[in-house]
Structures are given as structure tokens and as C-alpha cells.
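> Below: one structure in C-alpha cells.
The values are calculated or read from the model by the stated rules, or taken from the named source; none is laboratory data. The model shown is predicted, which means the values in this text are computed figures rather than measured ones. Here the Cβ positions follow ideal geometry from the backbone for every residue, glycine too, while neighbour counts run over all protein chains shown. What goes into the accessible areas is simple: the full protein's heavy atoms, side chains included, and nothing from ligands, DNA or RNA. Shrake-Rupley method; radii C 1.70, N 1.55, O 1.52, S 1.80 Å.
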Protein chains: 2
Amino acid sequence: MISIDRADLSFQLHDVIGTERLRFMPRYADYDRETIDGVLDTAERIAIEHFLPHAALLDRNEPKFVDGEVEMDPAVGAALAVYREAGFFGAGFDHEWGGAQMPESVRVATAFMFSAANVSTSGYPFLTIGAANLIATFGTDEQKQRFLRPMIEGRFFGTMCLSEPQAGSSLSDITTRAEPAEDGTYRLFGRKMWISGGDQEISENIVHLVLAKIPGGPAGVKGISLFIVPKHEVLEGGGIGERNGVTLAGLNHKMGYRGTTNTLLHLGEDSPCVGYLLGEPHKGLSYMFQMMNEARIGVGLGATALGAAGYQASLAYARERPQGRQPDGKDPSSAQVPIIEHADIRRLLLAQKAAVEGSLALGLYCADLVDTLRVETDETARRENELLLDLLTPVAKSWPSEFCLEANKHAIQILGGYGYTRDFPLERIYRDNRLNPIHEGTHGIQGLDLLGRKVGQANGAGVKALAGRIMADVSQAHGFEALSLHAEALANHLAETVATTRKLAVAASENPRLGLANATIYLDMFGHVVIAWMWLRQALVASRKLEAGAADTAFLNGKLAACRYFFAYELPRTKAQRELLNSLDDTTLSMRPDWF
Amino acid sequence: MISIDRADLSFQLHDVIGTERLRFMPRYADYDRETIDGVLDTAERIAIEHFLPHAALLDRNEPKFVDGEVEMDPAVGAALAVYREAGFFGAGFDHEWGGAQMPESVRVATAFMFSAANVSTSGYPFLTIGAANLIATFGTDEQKQRFLRPMIEGRFFGTMCLSEPQAGSSLSDITTRAEPAEDGTYRLFGRKMWISGGDQEISENIVHLVLAKIPGGPAGVKGISLFIVPKHEVLEGGGIGERNGVTLAGLNHKMGYRGTTNTLLHLGEDSPCVGYLLGEPHKGLSYMFQMMNEARIGVGLGATALGAAGYQASLAYARERPQGRQPDGKDPSSAQVPIIEHADIRRLLLAQKAAVEGSLALGLYCADLVDTLRVETDETARRENELLLDLLTPVAKSWPSEFCLEANKHAIQILGGYGYTRDFPLERIYRDNRLNPIHEGTHGIQGLDLLGRKVGQANGAGVKALAGRIMADVSQAHGFEALSLHAEALANHLAETVATTRKLAVAASENPRLGLANATIYLDMFGHVVIAWMWLRQALVASRKLEAGAADTAFLNGKLAACRYFFAYELPRTKAQRELLNSLDDTTLSMRPDWF
């Protein structure tokens, strides 16, 4: 019952983002509309035919830890072989290293489909691509030859090893150390926790990117360096050598996302663990944050994909399941109506549609910023896009994680008791999605990142850039009668949000604890304003297409209705949040631990 | 890590509800404070020593369907034997039938502890008690002797069989039929779906209470009758006779609540299924609603108990886990602080505390109304209490189901990655709790019940009674400076809620589809106002005790802080909901199925 809404993907990519315009840039010259649609067709086919069929099975039959190794369902490797053959590992990378230079917005659209079909199996290549990006950016040519090329080929997989058992959100407290050896390599000692894909039996090799401290370096995050730690040595000619001393100590048994192994790794405990410094010493955290930012947008998109899978499944059910009658037609001898006829079921569907398609719009908007940054030559424009991407990243991670999880809750509700059973995919998707507010920086961490760091960057230039872009769309929207109330509402909410931001910035500079106490509320409030903008953008395009006599009126009217839903049911709640924020409420600060 | 907050139970029962006052009524003369506390001690001990230890195991090793029978972990039967020996099956029933005439508020407090420890094992006796209540109320003396007495003794268990595969929320569409036999009994034919405890291997017999239609009766719900259908015939002297034709066709495999079997039953398919009419023909639904109302309050309490279990577990973790530093003390060489020191973690704890203790207050308030109804002799007072209980029932079911599930989400978040693993109880509790917005009438059904039926009952007398009680507490609260702003806020929210209620009542009478379109939003809004009242009541008592120099100041200050949290973070959101409701928004109605 899981399906892909290609009409929406097409609308978002071609009509809202306008990805095709990138083909005028030399890097993306290959990607005309026909090519893009062909890529999407291939991805959809592989997702539905190879990823989807084993999703439920993999959840039930999760990878096992046997004699220090992972045993897993062979369907994962088989599906990833098809993915590899189709060239998706290298999709976004440079031609020089075997990549296809696919625009990020298109690549992300394919990732969305793979995740919707099977988020666990998708985890392995996505982690690989993230790790490969880091080597592509900061590696030497020799490192690229040895590690990047086989990752792009899909022969080696990758991971990122940040957390430790005693240090999850607090990276300044990691204790893994890297001691210099005489040959210029390092020997690593420590334990890494929550490492997704940390071991598996699919790829020829695993390239771990590990945060560790070189003894004698600065304390805290300023003393963190980044290392390439392969599971097996890579020989001169590219062959697989000796086993390196990074060993699997155990698998974490999770609520969901069960098909992606999540591991505890020991480094240098049983045998020497060789690592190769990536880039310069002590710059590991800033390097890692490049990947982390991509990973955060990726988490948001994964949450969105799960939201979409649940939405499509519950929509199909709601159209078919007869139950009950309208409040004004209770005659028991009349036929029952399909439940999509009930107002409350439509509300649950609209809430999902608004969350999923709003999130997808934001994820693609961020991907488009990445594309723009890759080709933009004007320094001022680059800087603005960069600040905007920095500002939107915590929102793109957190908002879908929160509200597409909520969407999955609604999807279960539509199926009632059936939704609560393991005979339907909804409960699995909901369990999978519960991870997203946790990994790659918890929801609370995103709030601190947004309010404590991002909104103040470059004297608030990111917020200014955002406000400028929103107001440009607001002024366009005033050209359509049906949108002018939305435009006015968004302008008001934006103005109030900017005022609240200023107030909190002043408060945080005087008293950081008080100013940041409600950073998560700020994050949710800010996110709602951003998603309202995403809906106004979609409604604008839909209105233009309707005015131009487009044929798909049902689809376009659905966009207008979902926009209306978001502005009526969702956006107004931010007013109470801003009032709380403006009051600098200190309830949480003044609550004492022993009062609980 | 799951523990019971006895201090809170004691505060709520003795200080807020004042259960002890019931001992002046002959029915409850045995229940002085010492006896009540003794009962609570016994329940806590059994819950922690016998229910809790197998909760995680039972989730992993769920009951199995083998050769038409259920195979289950023997720990369930062992725990329930202890429960039975302690007399908890019969706690609330009349002395005449072997019960202990325990006040409902006390019984509910014990149920809260059993559910917090192990909601699945608790399911069996709670279903039995519900079914037994129906026989106690509507059964003949002969039926009571044959079925009720062994249920009170805990030898027979009970179920309620309402839903069918094609009729979950819509009982008017059930098709199970009961054909009169010559001996005055009936023969039942049909299939019942989602029957909790529908089979097990613990009790000597199972007494199913089954909704079915006698051929020739009125269409729809007016033609539904209620039947006693034992799994085994009960012989004259009470012995167990032949197997009756109610057979287990399969078990549903659920997301959570896995230890309580949930079954598909076939009636009269393989062999004759004998049923005994309970009460009069065609009155089955109104009888069932008596049990359903108790069941709904019970669902709310179960959700609350799961919320409490998660809250206590995450609180214990937050006190012990060191991670990170304050925003104004980032020196990496300083020690990390326990995460309870972080404002956002305290917010997640306060949100849980507010949801859990607010829900518990409401559940106990409803139980106290039940007690009052049992002993009240003044007809006007009785009627008021009855209307109030009717009005509050959908809230007592739905609010905890929604917001204690949310609380469990927060509990997972506090543990981060650990919370997402099966090594900790949080993810299980969250899965268990996801059932509560679905069973015994979905969230949407509760909204229709509240707005479409309850608020209009007796010309709105229930709402008037509620408003009167709230305003009485508001005027008391004005006597405490720290509470007067809360009192004022609650009075305003109440007045606006009453106005919105009137507006919707008029709209619904003119256009039922439009007036009821946002019934669920109304339910959530109304629920928040009721829970705010529950917090004002607790804060009032806490203030009085602090003024009187009570020793447990930390506990009482915690109550004031949680009240403050609810009024600052939660109640204000209802304003936007009322604005939506007052606007008679028709977004969901005008959305067309083909636009999705």
C-alpha cells in the first residue's frame, strides 16, 4: 500500500524549484527535464521493485551479532547491488572521480523515494555518500584514489563515528585518542557508540570517518581531528589487505530502523587500529559539520519520506474502507460511506499532506541552495545563499522529524485497529520515524543551534535574507485574490517572528540561560513560519498554473486546500508560542530538580 | 527504572479528592485512611514484585496461536494468581456477591499502579471487572450466581465483544445475529474482531458479553441486544461443562500491548454457540454504554499510567546522566552536568508531569463522581453529578490518550539514543500507549460524542454544572496571590469556551456537517481547559498546605511549578483553536477526495 506520489515530486522539482534551470550551468549541462525524469523513473522502479518488498521482513528479521560479525537478510545486499549498478552511489560526485554530477535537488528526490520504500536499506548508501563527500572535500588525491573512488563505485561503504557511550550530544567530551605513528599514520584508541552501518556483510570494505583527539592538542571541540579508519587495509593497487583494529563490540536493538545496523565499535582494543588524518589536525569538527549539515537535511528528508509513505498508505485505505455515515444521514439502512467522506478523516489526511509536502518543499529548497552554492560565482549571492542554508538546516532537520512523525501517528489513526497491527506498514513506519528527532543532533540541540548560533550569524544577515525572500513571495501572492489573506498572515507572522528573534538575542546576550531556555519552542515556532512560506510558494505556483488553464486541476486545487489548511489550523498556534517567548518565561529554569 | 510516585497518589486521593470522606457513607464505612493506604501498599507491592518483572519479557514473547488455542508466558497467570488472592477482582463489587465495596477512586488508584507496572497483564482483570459490572447491573440473580460470582473470585475472566471486521466505530452495522432457541436461550452466529482477552490459558472459563441482533428487531443500534456467551457451559452446581461454539480464529499482532491477546472470534461456525440474553431485548447498546463509559475512563487511566511510568523512568535517568554544560559555562575542562540541569530537559519533564498528574487528577475526579453517584440520595445533586460524569467521560478518555502518549515521546527524547533502544522500557511504553487513542472509541469518536451529544444534553446542564464547579475553584484561587493570574486566565478561557460551545451548537443544529466538522479540535481545546482546572485544583491544595506549614515543600512547590507550566505553555494554545472553531472553518468539508 506504499506508493510514490510522482505528480507531487514533479510539481515540486519542476514547477516550484525549477531544477531544470541548472542545465545552463556547465556542471549540470546533462540534466535537462527528460534526463531528470528518466533518473526519477529509474529510482522509483528500483525503490518499488527492490527496496520495498523486503522492508517489513527486514524489520522482523533484524541483523544479528554472531561471533563478532553481522548476519543480515541477503535482500539488503541484493537491493543495493541494483542501486549500485544504476550508479546511485556516485550520482552527486564529480565526473573526475567517477560521479554523475547530478544536481543535489534531483539526487535528494531519488533519496526520498528510496527512503519511502525502505528507510533501513537506504541507510547504508546514504551514510556512504555522506562519508564520501567529506573525503571528496578534504582528502588528498591519494586518499580519494584509495577510498573515495571505491565508495563512489559502491564497493566500499562509509560511516561517521562521532558519538561515544559517555558523549552523545556533547562532542567536546569525546575521549577517543589518535596517537601519531612514525610512518605518518595514527593509532586510534577508544569506543564509538550509535554508529549506523558500523558493520555489515554487504560491502567489500567499510570506511569509517572517526572523530578523535591527538594528545597534546587543545581541550574540547578545538582539539578534535578527523581520521579515515578502514575496516580492512587498502593495498597500493586498491586490493583489500589486513583487517584493521576496529571491531564490532555489539549491535544496538532499536525500536525501529531495525534493518540499518547500529553499532558499538572498539578501536585499538584487540589489535592496532590504523587511522589516516583527513585534512589538518584539530579541524575535525568543522569538517564533520559539513557532513553533519548534509546529514541533517538528509534526516529531515528521511522523516519526510516516512511521512509520505504513511500518508499514501492511509489515503489509499481511507478511499476504500466503508464505515459510518454523515452526521445528517444516520439512516442505518443506507450504505456506509468510505471514511474519506468524514470531515475528521480528511483533517487527518490534510494534516499529513500539509506536513509531508511542506517538508518536502523545504528539503528541496535546501538542496537547491546547495546546487546554487556549487555554481554561484557572485560572492555576495554566494554568501547570502550560504547563510540562508545555515539558517534553514536546523529547521529542515527538526520540523519534518517532529511533524512527519505526527503525520505517521495520524496515518495509524485512520486505519484504527488495523493501523495498530503489524499486518499494515503504518506502525513500522511510525517506529522508524521516531529516530529522527534523536539522531544527528536531537531536537533540543537543533533549537540551540538555531537560536544560539544561526539567527545571530553575520549580524542576523541570514534572517534578513530569509525575510527578504519570504516578502518577495508575499508580494507575488497578493496578486491572487485567494492568496492575499495568506500573504498578509505570513507577513504578520514573519514581522512578529523577527521582533521575537531580536528580543531573544538581546536577552541571550545578557543572560544566556534565560535567553536560550525556550530555544526548542522558538525552533518549532520558526519552523511553522518557514513551512507556511513553503505552502505559500506552492499555492502561488498552483494558482499560476490554474490561471494558465493547466489540466491537472484536482492536483492543483489540492495544493490550494492544503495551503489553506496550514494557514487555518497550523500557523495560528505560533502566536501563543511567541507570546511565551516574548515573556522570557523562566518556568523551566526556576523549576528545581528536587521539586520533580 | 519504573517506579510508582506514591506521594502524588496520596496527595491526589487524600488531599485533592478527599476520598476518606466517603467513609461516612454506609457502603464505604470500612475505608478509613489507614485501610486505604493499606490497600495502596498491597497493590504497589504486587505491581512492582509480580507485574513489573515480566513486562518486557511478555512484550518480546507475545502470546501465540497454536492449534486453535493461545500459548502464553506463564508469568501472566502467576501474577494474576497473586492479584486474585489479594481480592482485587472483586474490590469494587457488593459484599452480597463477594466483593469488597472499595470506593472507585481507590480501586482506580490501584489499577493505575498495576497498569504502570505492566499494562498487558493488567488488561485481563480490567476487562473481567468491566464485564462483571454489566452482569451485576443487568443480570438476574441466577446469572449473577453462575457468572458474576466466579468472575469476582477471579476464576472466570470476561471480555466485551462489540466490533466486527466490517464494523469498528459503526456499531449500527454489526451483523452478528442471535436466534431464539426453544429453551429460552439463543444461538449466535457471526464474527467478532479486536476482542481483547478473547482467549487465553489462564482462567477456568471466559464470559464473553456479546452484542448481536435478534432477527426481526429494529434496524441499526436500536436492534442490538446483549448476550452472555461463556467459553464453556457452566453447570448447575457451578462446574465447568461442554465447550461452547465460540472459537478463536486468530490473534492480532500488534505494535504494543502485546501481552494482552487481541482476537478474532467465530461464533456458531463450527458448533452451536449458546448465548443468554442479558436484560431486555434491543437494549444492548445502552447497557453496553454503561460498561463503555467505565472502560473509557479506564483507557484514560491506562494511558496516564503509561505516561507516569515513562515520566518516572526518564526523571531517574535525567538525574543521573551527565552530559554537556550550561550556555554560560562552556569550559570543556569543567565537569559535565546531569542533564536535568538543562532547561530543555526540564521542559520535557514538566510537560510529562503536567500531562500525567493532570490526567490522573481527572481520572480520579471521574472515579469520585462514580462514588458520589453510588451514595448520593438527593435527586438534583445526583442528576448534576451524572451529567458532569457524562460530559467529562470523553475528555477523561481522550486527553490522557493524546497527551500521555506525547509524554512518552518526551521520555524517549530525554534518553536520546538509549531511549530508542529496547534495552530501556521507554520505547515499549510508547508502543503500548499508541493503542489508547484508538480503542473504546477513537479520538474522533470522542470528539463527536462530546460536541454532538454531551454538551447539548439536558439543555447544556452538564456544561453549566462544570462551569459552576470551575468558577467555585477560581474564586478560591483568587485568595492566593500566586494563583490569581491563573484563576483569571482560567475564567477567561472558560467563558470563551462556553461562548464557542453555544456558537457550535447553533451551527450544528442548522448544518450538522459544518457544526461538527471540527469536533476533534473542540475536544482537544475543551480538554485543555478541563486539565487547566485540574491543575488549579492541585495548586490550590498545595498553596493551602504550604500556608499551613506542611513539611513536603519540595513536592508542593513542584505542584505549583507544574501548574505554572500548564498555564504558560499549554493553555494559551486553545485560543487559536477557539478562533478556528468560531470561524466555522470548512476546509476539511470543502476538500474533495480526488484533490488528495
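> Which shape class, rounded, prolate or oblate, goes with the stretch B:21-157 when its Cα gyration tensor gives a ≥ b ≥ c as root eigenvalues, a/c under 1.5 marks rounded, and past that a/b bigger than b/c marks prolate?
Numbers: a/c = 2.75, a/b = 1.31, b/c = 2.10.
It is oblate, given that a/c is not under 1.5 and a/b is not larger than b/c.
> Can you classify the stretch A:397-503 as rounded, prolate or oblate using the Cα gyration tensor, where a ≥ b ≥ c are the square roots of its eigenvalues, rounded means a/c under 1.5, and otherwise it's prolate if a/b beats b/c and oblate if not?
Oblate, because a/c is 1.5 or more while a/b does not exceed b/c.
> I would also like to ask the following. For the protein assembly as shown, what number results from the quotient of the Cα radius of gyration and 2.2 N^0.38 Å? Intermediate results must be reported in sequence, preceding the final value.
Numbers: Rg = 30.5 Å, N = 1192, 2.2 N^0.38 = 32.5 Å.
The value comes to 0.94.
> Between the stretch A:367-398 and the stretch A:18-55, what is the separation of their alpha carbon centroids in Å?
Distance between centres, Cα-based: 22 Å.
> Next question, about the same structure. State the Kirkwood hydrodynamic radius of the stretch A:162-289 in Å, one decimal place, computed from all pairs of distinct Cα atoms. Before the final figure, lay out each step's value.
Details: mean 1/r = 0.0670 Å⁻¹.
Every distinct Cα pair counted, the radius reaches 14.9 Å.
> Hey, could you get me the Stokes-Einstein D for chain B, Kirkwood radius over alpha-carbon pairs, 4 °C and 1.567 mPa s, rounded to whole µm² s⁻¹?
Values: Rh = 25.1 Å.
My calculation gives 52 µm²/s for D.
> Follow-up. Using per-residue counts of other Cβ atoms within 10 Å, averaged over each peptide, order B:342-348, A:276-282 from highest down. Numbers along the way, then the final one.
Details: B:342-348: 24.6, A:276-282: 18.3.
Taking the mean over residues of other Cβ atoms within 10 Å, the ranking is B:342-348, A:276-282.
> Ok, one more. One decimal, nm, shortest first: give the distances between the label point of A:P53 and those of the same position in the other copies, each label point 7 Å from Cα along Cα→Cβ.
4.7
> From the phi angles alone, apply the Karplus equation (6.51, -1.76, 1.60; θ = phi - 60°) to the stretch A:45-62 and give each ³J(HN,Hα) in whole Hz, x where the residue is Gly or Pro.
Once rounded to whole Hz, the list reads 4, 5, 4, 6, 8, 10, 8, 5, x, 9, 4, 5, 4, 5, 5, 6, 10, 6.
> With label points built 7 Å along Cα→Cβ from the Cα atoms of A:S286 and A:E142, find their separation and express it in nm.
In this crude spin-label approximation the distance works out to 2.5 nm.
> Sort A:544-551, A:115-122, A:445-452, A:197-204 for me by packing, meaning the mean count of neighbouring Cβ atoms within 10 Å per residue, highest on top.
Numbers: A:544-551: 11.9, A:115-122: 27.6, A:445-452: 24.1, A:197-204: 21.4.
Ranked by mean Cβ neighbours within 10 Å, highest first: A:115-122, A:445-452, A:197-204, A:544-551.
> In the calculated pair distance distribution of the stretch A:442-596, what percentage of Cα-Cα distances lie above 23 Å?
Details: 5199 of 11935 pairs.
The calculated P(r) of the stretch A:442-596 puts 44 percent of pairs beyond 23 Å.
> Please average, across the residues of A:424-432, the number of beta carbons from any other chain that are within 10 Å of each residue's own beta carbon, and give a whole number. All intermediate terms of the calculation are to be shown ahead of the outcome.
Details: counts 1, 0, 1, 6, 1, 0, 4, 7, 0.
Partner Cβ neighbours, averaged per residue: 2.
> Can you give me the C-alpha center-to-center distance between the stretch A:276-352 and the stretch A:547-586, rounded to a whole angstrom?
Distance between centres, Cα-based: 16 Å.
> At a threshold of 8 angstrom on Cα-Cα distance, excluding pairs fewer than six apart, so keeping six or more, what relative contact order does the stretch A:442-596 reach in percent?
Working: 128 pairs, mean separation 46.0, N = 155.
Dividing the mean separation by the residue count of the stretch A:442-596 yields 30 percent.
> According to the Kirkwood expression over distinct Cα-Cα pairs, how big is the hydrodynamic radius of the stretch A:372-414, in Å? Walk me through the numbers before you get to the answer.
Details: mean 1/r = 0.0803 Å⁻¹.
It is 12.4 Å.
> Ordered shortest first, which distances in nm separate the 7 Å Cα→C-beta label point of A:P332 from those of the other copies?
Spelled out, the distances from A:P332's label point are 7.2 nm.
> Hey, can you rank A:555-561, A:108-114 by average C-beta count inside 10 Å, highest first? Intermediate results must be reported in sequence, preceding the final value.
Working: A:555-561: 21.4, A:108-114: 25.6.
Those peptides, ordered most packed to least, come out A:108-114, A:555-561.
> Under the convention of a label 7 Å out along Cα→Cβ, give the distances in nm from A:E269 to the same position in every other copy, shortest first.
5.2
> I want the antiparallel fraction of DSSP beta bridges within the protein assembly as shown, as a percent rounded to 5.
80 percent
> Go ahead and estimate [θ] at 222 nm for chain B from helices alone: -39,500 (n - 2.57) per DSSP H run with n ≥ 4, summed, over the residue count, rounded to 500. Walk me through the intermediate numbers first.
On the way: 19 runs with 305 residues, N = 596.
Per the formula, -17000 deg cm²/dmol.
> Non-local amide H neighbours of A:V234 (under 5 Å, H modeled in plane, Pro and chain starts lacking H): which ones?
The answer is A:G241.
> Could you tell me the distance between the Cα centroids of the stretch B:437-464 and the stretch A:429-464, to the nearest Å?
Each part reduced to its Cα centre gives a spacing of 39 Å.
> Using a 10 Å cut-off around each Cβ of peptide A:568-579, what is the average number of partner chain Cβ atoms that fall inside? Mind showing how you got there, number by number?
Details: counts 9, 8, 1, 1, 6, 7, 2, 5, 10, 4, 0, 3.
Mean shielding count: 5.
> Something else now. Give me the angle, in degrees from 0 to 90, between the Cα long axis of helix A:481-510 and the longest principal axis of the Cα atoms of chain A, rounded to the nearest 10.
So the inclination is approximately 40 degrees.
> Related question: Does the stretch A:308-356 come out rounded, prolate or oblate by the C-alpha gyration tensor, with a ≥ b ≥ c the root eigenvalues, rounded set by a/c under 1.5 and, if not, prolate when a/b is larger than b/c and oblate if not? Walk me through the numbers on the way to the answer.
Details: a/c = 5.72, a/b = 2.12, b/c = 2.70.
Cα axes put the stretch A:308-356 in the oblate bin.
> Here's a follow-up. Please report, in debye to the nearest 20, how large the charge dipole of the protein assembly as shown is about its Cα centre when each Lys and Arg carries +1 at its beta carbon and each Asp and Glu carries -1 there. If you can, show how the numbers build up before the last one.
Numbers: 116 positive and 146 negative charges, 370 e Å.
Approximately 1780 debye in magnitude.
> Oh, and also: With label points built 7 Å along Cα→Cβ from the Cα atoms of B:A316 and A:K64, find their separation and express it in nm.
That separation, rounded to one decimal, is 3.1 nm.
> Follow-up question, since we're still on this one. A:R422 versus A:D331, label points 7 Å from Cα toward the beta carbon: distance in nm?
So the two model labels end up 4.6 nm from each other.
> Continuing with this model, one more query. Got a number for the accessible area of B:K575? Probe 1.4 Å, square angstrom, nearest 10.
The value for B:K575 is about 100 Å².
> I'd like the orientation of helix B:553-565 relative to chain B: the angle between its Cα long axis and the longest Cα principal axis, in ° from 0 to 90, rounded to 10.
It is inclined by approximately 90 degrees.
> Enter the angle in degrees (range 0 to 90, nearest 10) between the Cα long axis of helix B:519-547 and the first principal axis of the Cα atoms of chain B, meaning the one along which they spread out most.
Helix B:519-547 sits at roughly 60 degrees to that axis.
> Evaluate peptide B:166-174: per residue, the Cβ atoms of other protein chains within 10 Å of its Cβ; return the mean as an integer.
Details: counts 4, 4, 7, 6, 7, 2, 7, 7, 0.
Counting other chains' Cβ atoms within 10 Å and averaging over B:166-174 gives 5.
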